[in-house]
Structure formats: structure tokens, C-alpha cells
Amino acid sequence: MSTILPGTLIDRSFRERIILVGVVFPGLTDEIVEENLDELAQLVDSAGADVVGRVMQRRNAPDPATFIGKGKAREIAELSNELDADTVVFDDELSPAQHRNLEKLFGRTAIDRTAVILDIFAQNARSPEGKAQVELALLRYRLPRLRGRGNQLSQQGGGLLGNRGPGETQLEVDRRRLLRRMHRLEADLREVDRTRELQRRSRARGRQRELALVGYTNAGKSTLLNALTDAGVPAENRLFVTLDPRTRQFALPGGETVLVTDTVGFVRKLPHELVEAFRTTLASVRLADLLVHVVDASAVNAEAQMTAVHGVLAEIGAGDVPELVVINKADLAPEAAKELARHFEGVIVSARTGEGIDEFMRVVADRLRGADRVVELVVPWDRGDILAAIHREGEVVAQTDGELSATVQVVLDEVGKARFAEFVAVP
């Protein structure tokens, strides 16, 4: 699957100087917008730029032409000159017309939170599939912004949107080229999806249960995967390090093995273009037997992050998958971890130190088996047909071999319980 990622939005030849802009609309508070700008500053840092200033404004509704109004835009233009800023980044999504109008007023680049997140994903994509998904998201973002743009997206050159053609004909040529590329990427990703579906069916025939690690970006999902499986995957204190899903196998107490998949982290205001492009990757979340929702106990507003994760899960059709809340980074914020665990009935762990991992595995085993579904059967050795059927139709948790019979602990549904009722062990 060949990909040619469009240029990223932030110049890498030097650290761009960025001004952040947040707007307090009805229903929001200054504190919420400040938190959002703090996170946007982290995103900008991950993208490779420096925040040199921030601006907040109160409005009843966005201005259709400039989002913030011409007066405020002129103030930001003056501040940008004073601070020698290269780019102004808005925490809210801008329309193509607002982009265009603001850049004229600022005399420099104006982008939004969506563009910054897309930029980070473009930097971190490693596998052919990940690169294709990010490129598709970038092109979906780029398409409506082709018409009427200035000569460059960034003052420094490069830039996602590239140069505008000299006239309408060139714009239409560019549009057709983008559409052709998008259709090719969509076809390639559908083929990946078909391959994944065959793999999932093969695993289903083996009756191996599956977990999906989900959570806010930088919550510690990859560190937890390493603690469970010795996977050795990169686990850095940066946003969106993991874009490509990684599936590993590990054994629960009792011996049975399960599959666990590390997934891309979520974030507030996750661009719709990315959610759509990553639907193939996120299919593992929808089809999991259990979601392990990893929460960062040290986060400033962990509950808001959990709400954002649930919003994305609902958007991809995984809102009804059973969930186990795991409060991570207990070594950094022990009291906050205890409070979150009480409120959300979660398991407390520190994936970095190993604290709580054994308890986590015990709870996972109980949740996957279902205490009321584990049945103990005693099967004589001359009933090999029954033993074979039990292994075929149930999930064997443990088996003890005796002289005359085998004692089997197995997870069965109601039909299976009825079928093997005569072999149920007598208390």
C-alpha cells in the first residue's frame, strides 16, 4: 500500500512561534476553555512548535466570517507582530472561509485544533496502513480548502494545502487528483478491512477472547500492554505515540490465553476525518469482548477525558461493549486514583511499576468468564465424545485429569449448560 503523505502543517526546519485562541461560548466556563488551551499547548508542543501567547474571548456565537469578529482579529494581528508569531492556532474548528479571512487579517497562517492533530498523526504514522489512514484524513481536510486559498498554507513553505493553481482550471485539476487519490486509499483500506475480518473469524473459531485497550491519549495504554505481555512497544510521555494497533497474547490466572489490542488514543474534539479514516483500525474496539478503559489518575480533569473517550466510542459503534475501568498512574496520584476507583468501580494500577497488575488480571478473568457461566463437569474417560464437544462448544478454563475421569472447568452458555447437565459435578 503506497502512500505519499501531504506536507505537514507546521514547519520542521525551526520551532514555529504559536499564539493560541480560545472562545468562551454559552455553556462553557473560563476554566474549561483554559483547560482546553492547556491541552492545545501540549498538542502544539508534540507537533514541534512553541506557544508564545494565548488569547481568550467571550462570544454568544461564532462570527461567520472570522469566527472571533474583525475587531478581535485585529488585536490578535497586533499581538502576533509584537511576539513575532508565525502561526495563530484556534481551539475550535474553522471553516475554509474563516481560514482565508483570518489569514488576510493576520498576515500569517491561521489553523485550528483539527489541523494540529492531523499534523501530529502525519508525523507519527509508521505502518503502510497507518500512513494510508492519515493521508486519507488529511486529504478529506484539504479538499474543501482548495478553492480560494492563498499561495501557501505556511509562511515558511511546505504546508498541508500546498500551492494554489493559477486559475479555475488548475483548481479543478487539483480537485480531481485529490478525489482519485482518496478513492484509491479508500479501496486499499477496504482490502485491509477484509483481511482483518478473515483474521478475526479465524480467531473466533479458536474461541480466544479479545480485549481492547482504549482511553485518552497518553493515559498509559502502551505501558499497560508492555506490563501484560512484554511487548516492548514504544511508550513515551507524548501525545499520539501509538497509531497502529498492536495485538499480543497473554495468559490469565487459570492458564487460558486471551488477545489484547492496543489502540490509538482519543482526545477531546478528535477530528471527524480521523475517526472516519481509522474506522478499519477501530473495528477491533467494536468487536472486543471487553474494553479496558485506561484512565490517567494524574490528569487535571480525568472525568472530562473519560467523557471524551465515551463520545468517540459511541461514534464508532462501540458504546455498548462491556467496559472495565482501569485507573492508571496510581504511583503519581494515589489519592486521585482511589477517588476515581470508588466513583467508577475501577481497578487501580500503575502499569509503570507493576502495582495492581495481578488484581487487574484477576478481575479481567472474572469479567470474561462470568462467575455464573463457569461450570465444573466430571467426564469419564470413556466419553471422549463429550470431552471433545466441551472443548468445541465452551471455553475451557482448567482441566484436572484423574484416574477414571477428567474434571473440567468450562464457560458455557445456557444451551451448553443444558446439554452437559448430567456431567455437572455434585457439590
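The values are calculated or read from the model by the stated rules, or taken from the named source; none is laboratory data. Since this is a predicted model, take the numbers as computed values, not measurements. So basically every Cβ, Gly included, is an ideal-geometry build from the backbone, and we count neighbours across all protein chains shown. Only protein heavy atoms, including side chains, enter the accessible area calculation; ligands, DNA and RNA are left aside. Shrake-Rupley method; radii C 1.70, N 1.55, O 1.52, S 1.80 Å.
Tabulated data
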item	result
Computed lengthening from residue 320 to residue 383, 0.36 nm per intervening residue step minus Cα-Cα distance	18.7 nm
Heavy-atom accessible area order for 362, 392, 279, largest first, 1.4 Å probe	392, 362, 279
Structure-derived log10 I(q)/I(0) by the Debye sum over Cα atoms at q = 0.06, 0.07, 0.08, 0.09 Å⁻¹: which label, when the choices are [x] -0.42, -0.55, -0.68, -0.79; [y] -0.25, -0.34, -0.44, -0.55; [z] -0.33, -0.43, -0.54, -0.66	[z]
Sparsely packed chymotrypsin sites (Phe, Trp or Tyr not before Pro) within the range 334-417, loop by DSSP, other Cβ within 10 Å at most 12	381
Mean accessible surface per residue for the chain, computed with a 1.4 Å probe while every protein chain stays in place, in Å²	45
Carbon/sulfur fraction of accessible area - the chain, other protein chains in place, 1.4 Å, %	49
Efficiency of FRET between residue 83 and residue 179 - r from beta-carbon atoms, R0 30 angstrom, step 0.05	0.15
Residue order for 93, 129, 172 - accessible surface, 1.4 angstrom probe, largest first	93, 172, 129
Inter-label distance for residue 56 and residue 38, nm, one decimal - labels placed 7 Å from Cα along Cα-to-Cβ	1.1
Spatial separation of Cα centroids for the range 245-290 and the range 68-136, in angstrom	30
Under 27 Å from residue 131, Cα to Cα: lysines that are on another chain or at least 8 residues apart	221, 269
Relative contact order for the chain, counting Cα pairs under 8 Å that sit 6 or more residues apart, in percent	12
Per-residue SASA entry for residue 306, accessible area with 1.4 Å probe, Å² rounded to 10	10
With all protein chains modelled, accessible area of residue 174 [1.4 Å, Å²]	10
MRE, 222 nm, helices only [DSSP H, n ≥ 4, -39500 (n - 2.57), over the chain, to nearest 500]	-13500 deg cm²/dmol
Heavy atoms of residue 91 accessible to a 1.4 Å probe, total area in Å² rounded to 10	10
GNM flexibility winner over the chain from 367, 248, 194 (Cα, springs under 10 Å)	194
For residue 325, residues with placed amide H under 5 Å, excluding near neighbours	293, 347
Bridge type composition, the chain - antiparallel percent by DSSP, nearest 5	40
Within a Gaussian network of the chain (alpha carbon springs, distance under 10 Å), most fluctuating of 291, 198, 105	198
Ranked order, 66, 195 - accessible area, probe 1.4 Å, largest first	195, 66
Förster radius 60 Å - calculated FRET efficiency between residue 301 and residue 192 (Cβ-Cβ, nearest 0.05)	0.95
Anchor residue 70: aspartates and glutamates whose Cα lies under 16 Å away (excluding residues fewer than 8 positions away in-chain)	78, 103
